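Asker: What follows is a structure written as structure tokens; I'll ask about it next.
The values are calculated or read from the model by the stated rules, or taken from the named source; none is laboratory data. What you see is a predicted model, and the numbers here were worked out from it, not measured in a lab. Methodologically, a virtual Cβ is constructed for each residue, glycine included, from the backbone with ideal geometry; neighbour enumeration extends over all protein chains shown.
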């Protein structure tokens, strides 16, 4: 079996893989461009997805499985995988801990006015007449109750928050006090002090949070996006922030990345911007390889893969 990567794997991880799986021929490349010459002979492709095109995948005559080392799949030509019946797995679930900590961090930053105090620190200005608040007994609405959503819910519960959420059909989820189906998202949003976008990017969710949903929010509410930039109507958000329709936003992802320097979001004091880092962790590769190895063992034994199998019809 030949495994090809379009990304470097740290040396000690690579040595361990070679030791544990001696029957596998490993070809570790730095990029998709470097991997192209080896693609026709690969049985498995391990990739972040960058640079993959339908034409490239159609050239990979032996390919039976792609292990995507991200949670998002927008760079993977899923239609070609359906044509070729290539299995696709991802690493959904490994972002939960760090993304949840990031989310609670920006929520705390808003209620404790940390961006304001940092601006005052830069000016060497002592300003103690500021309204502060608590997370305790606030309501957070998590749209998307997958691995990230559940980790956020668990931590929000520790802070004494009321947790509500939205999923496709309103089915109950442990740790969430009330779950609404997708067609009742406006009702859910209207109850919340914080709204967290944590859903996958699919044809259904693209631009799925727009003017109507923003209008349903409380004026005192804050929107947090750790999903993908394209799940949110960014132009509608900018207008809502400009006109005081909502209190603020914490944005880790954007339609265009890097966020253009001329975006008005940069200068808004009620916006916290981070450069798509909510899912980062020094343990990222370790956790991603755990999923890959579980699937690799199953593949070698001709068993169904246990982790991160993507439904090509749903796109996640």
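Asker: Are there any pairs with C-beta distances below 6 angstrom linking a residue in region 290-301 that is within 12 Å of residue 46 (Cα to Cα) to a residue that is at pLDDT 95 or above and surrounded by 15 or more Cβ atoms within 10 Å (Cβ to Cβ), with the two at least 6 apart or on different chains, and if so which?
Answerer: Matching pairs, first to second residue: 291/91; 291/307; 291/308; 292/67; 295/89; 295/305; 295/307.
Residue-by-condition table, conditions (1) surrounded by 15 or more Cβ atoms within 10 Å (Cβ to Cβ); (2) farther than 21 Å from residue 233 by Cβ; (3) touching a helix residue (DSSP H, G or I) at 6+ places or on another chain (Cβ under 7 Å):
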| position | (1), (2), (3) |
| --- | --- |
| 166 | yes, no, yes |
| 169 | no, yes, no |
| 175 | yes, yes, yes |
| 183 | no, no, no |
| 198 | yes, no, yes |
| 203 | no, no, no |
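Asker: Which is out of contact with any strand residue (DSSP E or B) (no Cβ under 6 Å at 6 or more places or on another chain), closer than 23 Å to residue 79 by Cα and either in the same structural domain as residue 295 (by TED's automatic domain parsing) or not in a helix (DSSP H, G or I) (or both), of 57, 8?
Answerer: On the way: 8 fails: closer than 23 Å to residue 79 by Cα.
Result: 57 is the single residue among 57, 8 that is out of contact with any strand residue (DSSP E or B) (no Cβ under 6 Å at 6 or more places or on another chain), closer than 23 Å to residue 79 by Cα and either in the same structural domain as residue 295 (by TED's automatic domain parsing) or not in a helix (DSSP H, G or I) (or both).
Asker: Among the candidates 206, 257, 313, 286, single out the residue that is under 22 Å from the mean Cα position of the chain (by Cα), closer than 22 Å to residue 90 by Cβ and in the same structural domain as residue 8 (by TED's automatic domain parsing).
Answerer: Working: 206 fails: in the same structural domain as residue 8 (by TED's automatic domain parsing); 257 fails: in the same structural domain as residue 8 (by TED's automatic domain parsing); 313 fails: in the same structural domain as residue 8 (by TED's automatic domain parsing).
The match here is 286.
Asker: Specify the residue that is nearest to the chain's Cα centre (by Cα); the eligible residues are those in region 124-164 that are surrounded by fewer than 17 Cβ atoms within 10 Å (Cβ to Cβ) and on the phi > 0 side of the Ramachandran plot.
Answerer: Per the stated criteria, the residue is 160.
Asker: Now for a different question. Tally the residues that are outside any loop (DSSP other than H, G, I, E, B), in contact with a strand residue (DSSP E or B) (Cβ under 7 Å, 6 or more places away or on another chain) and touching a residue at least 24 places away in the same chain (Cβ under 8 Å), restricting the search to region 127-157.
Answerer: Of region 127-157, the ones outside any loop (DSSP other than H, G, I, E, B) are 139-143, 147-157.
Retained after the next criterion (residues that are in contact with a strand residue (DSSP E or B) (Cβ under 7 Å, 6 or more places away or on another chain)): 139-143, 149, 152-153, 156-157.
Among the residues that remain, those that are also touching a residue at least 24 places away in the same chain (Cβ under 8 Å) are: 139-143, 149, 152, 156.
Total satisfying the criteria: 8.
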